[in-house]
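Chemist: My questions all concern the structure below.
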Amino acid sequence: MPILKLISRAVCVCWLLALGVLQLSAAEKTTNRYNVLFIAIDDLRPELGCYGVDAAQSPHLDALAKRAVVFDRHYVAVATCGASRYALLTGRSPAQSGVTRNNAAAYSGSSALALEQQPGAQTLPELFRRSGYRTVCIGKISHTPDGRVYAYNGKGDGHHELPNAWDELPTPFGPWKRGWGTFFAYANGIHREDGGGHKDLMQFTAENDEDLPDGMMATTAIERLRKFQSSQEPFFLGLGFFKPHLPFVAPKQDWEAFENAEIPLPQQGKIDSPYWHNSGEFYKYDAPYRKTHPLSPEAQRMARRAYYACVRYADRQVGRVLDELKKLGLDKNTIVVVWGDHGWHLGEQEVWAKHTPFERANRSVLMIHIPGTTHTGKTTSALAETIDLYP
């Protein structure tokens, strides 16, 4: 029963990540330890070729899927960024933590993590750090875009959002100068929170990948991989890409790639539900079309095309990092996890957002590659939850 064994191994990868690490550390083994490259992609629903979406252009993630286990029924704890990531990193369900909406959950209120080191690890990266791994966070792994606590306007003391978890927080800021500036970035150093009134829903003017934050973060990740290859330190590298989160911003080539593509319209209309909402974040941006409820078919195709363009951009950055991992020979002993923090409605139920209890908002991407696995390129319909990764 090879497929059952494969599913069992993939579903229980948390034990390989956690208990296996502790056992190796206790035995003082320094060789043959798995590294971990954990890639989080913000607002990425299963809108990829490897999930059967023909309209998507995701060749690099599709290639990874051919040597990974792809979870077709992976669900997050909560369909909002901060709460979903809190559940991932602490292994605590919302029923245990009470965290369902609070994006500041890791550092405020009753759910706040202790600043002082506790007898046991409070978070997944802290567990690896205690076990002798070099832990590095680039981009958005917890809720903040660089691992430091600041308000959107830049105010705050910048303390670590996850205490005692990371050895390094080398997220590059470029011309945007600070974390939330990079998260809400447009080309040429402007961003939504700079006081300039910039709030375009979409922008596709950048010429190069590194003209935007996700490209810069991929380059920083590549630099860190080269250092790890030289030092031979075991590592846990968290790499959190921002796109396709709003605003929809990517290089010009990614918009142009869909010039002649057939963009399907959403099939599910508005439903009568107390959980329906009016997509406030999406509609507050300035759009290149008339903002009606519902959107016209032309506007829906344009918005969906913008999302696909951002996915294409993020996919290419994943490819750059994975290509370097292989070039350095680190792919032979590095577990690769790709995780979406939740799904996103692309007009289904007339919603353009997350923050619902519906399938589109709660089902997200999860694929896991373990070196040396003989059964690769499998898709499982076994039910998986985000908290399975760190129970």
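Chemist: Working carefully through the options 200, 254, 211, find the one that is acidic (Asp, Glu), within 30 Å of residue 358 (Cβ to Cβ), buried (at least 17 other Cβ atoms within 10 Å of the Cβ) and in contact (Cβ under 8 Å) with a residue 24 or more places away in the chain.
Modeler: 254
Chemist: Starting from segment 288-312, take each residue that is without any contact (Cβ under 8 Å) to a residue 24 or more places away in the chain and list its partners that are loosely packed, with under 14 Cβ neighbours inside 10 Å and in a helix (DSSP H, G or I), counting only C-beta distances under 7 angstrom and pairs at least six apart or across chains.
Modeler: Going by the 7 Å Cβ cut-off, the qualifying pairs are 289/298.
Chemist: Output the residues belonging to segment 362-375 that are hydroxyl-bearing (Ser, Thr, Tyr), over 11 Å from residue 51 (Cβ atoms) and surrounded by 15 or more Cβ atoms within 10 Å (Cβ to Cβ).
Modeler: 373
Chemist: Out of the residues in segment 58-99 that are polar (S, T, N, Q), assigned to a loop (DSSP other than H, G, I, E, B) and over 14 Å from the mean Cα position of the chain (by Cα), state the one that is modelled with the lowest pLDDT.
Modeler: First, pick out the residues of segment 58-99 that are polar (S, T, N, Q): 58, 80, 84, 90, 93, 96-97.
Those still in the list that are assigned to a loop (DSSP other than H, G, I, E, B) too: 58, 80, 93.
Checking which are over 14 Å from the mean Cα position of the chain (by Cα) leaves us with 58, 93.
Working: 58: 99, 93: 94.
Only one residue tops the list, namely 93.
Chemist: Okay, moving on. Any idea which residue in segment 314-353 is nearest to residue 81 (Cα to Cα), counting only those that are in contact with a Phe, Trp or Tyr (Cβ under 9 Å, 6 or more places away or on another chain) and part of a helix (DSSP H, G or I)?
Modeler: Checked segment 314-353; the qualifying residue nearest to residue 81 (Cα to Cα) is 314.
Chemist: If you don't mind, another one. Output the number of the condition that residue 117 fails; it satisfies all remaining conditions of (1) modelled with pLDDT under 95; (2) farther than 25 Å from residue 160 by Cα.
Modeler: Condition not satisfied by residue 117: (2).
Chemist: Another question, then. For segment 279-292, state whether one or more residues are within 27 Å of the chain's Cα centre (by Cα) and of a type in the set (Val, Ile, Thr).
Modeler: No, segment 279-292 has no match at all.
Chemist: Further, regarding this structure: I need the full set of residues from segment 289-310 which are touching a Leu at 6+ places or on another chain (Cβ under 7 Å) and surrounded by fewer than 14 Cβ atoms within 10 Å (Cβ to Cβ), in order please.
Modeler: Scanning segment 289-310 gives a single hit, 297.
Chemist: Quick check, is residue 356 in contact with a helix residue (DSSP H, G or I) (Cβ under 9 Å, 6 or more places away or on another chain) and either among the basic types (Lys, Arg) or farther than 19 Å from residue 81 by Cα (or both)?
Modeler: Values: in contact with a helix residue (DSSP H, G or I) (Cβ under 9 Å, 6 or more places away or on another chain): yes; either among the basic types (Lys, Arg) or farther than 19 Å from residue 81 by Cα (or both): no.
For residue 356, the condition - in contact with a helix residue (DSSP H, G or I) (Cβ under 9 Å, 6 or more places away or on another chain) and either among the basic types (Lys, Arg) or farther than 19 Å from residue 81 by Cα (or both) - is not met.
Chemist: Output the residues belonging to segment 167-197 that are of a type in the set (Phe, Trp, Tyr), without any contact (Cβ under 8 Å) to a residue 60 or more places away in the chain and surrounded by 19 or more Cβ atoms within 10 Å (Cβ to Cβ).
Modeler: Result: 176, 180.
Yes or no, residue by residue, for (1) touching a residue at least 24 places away in the same chain (Cβ under 8 Å); (2) crowded, with 20+ Cβ neighbours inside 10 Å; (3) within 20 Å of residue 244 (Cα to Cα); (4) in contact with a His (Cβ under 6 Å, 6 or more places away or on another chain):
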residue	(1), (2), (3), (4)
63	yes, no, yes, no
94	no, no, no, no
109	no, no, no, no
136	yes, yes, no, no
150	yes, no, no, no
154	yes, no, no, no
161	yes, yes, no, no
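Chemist: In segment 110-157, how many residues are in a loop (DSSP other than H, G, I, E, B), over 17 Å from residue 84 (Cα atoms) and not acidic (Asp, Glu)?
Modeler: Count: 18.
The values are calculated or read from the model by the stated rules, or taken from the named source; none is laboratory data. As the structure is a prediction and not an experimental result, all values here were calculated from the model. Here the Cβ is made from the backbone with ideal geometry for all residues, glycine too, and neighbour counts use every protein chain on show.
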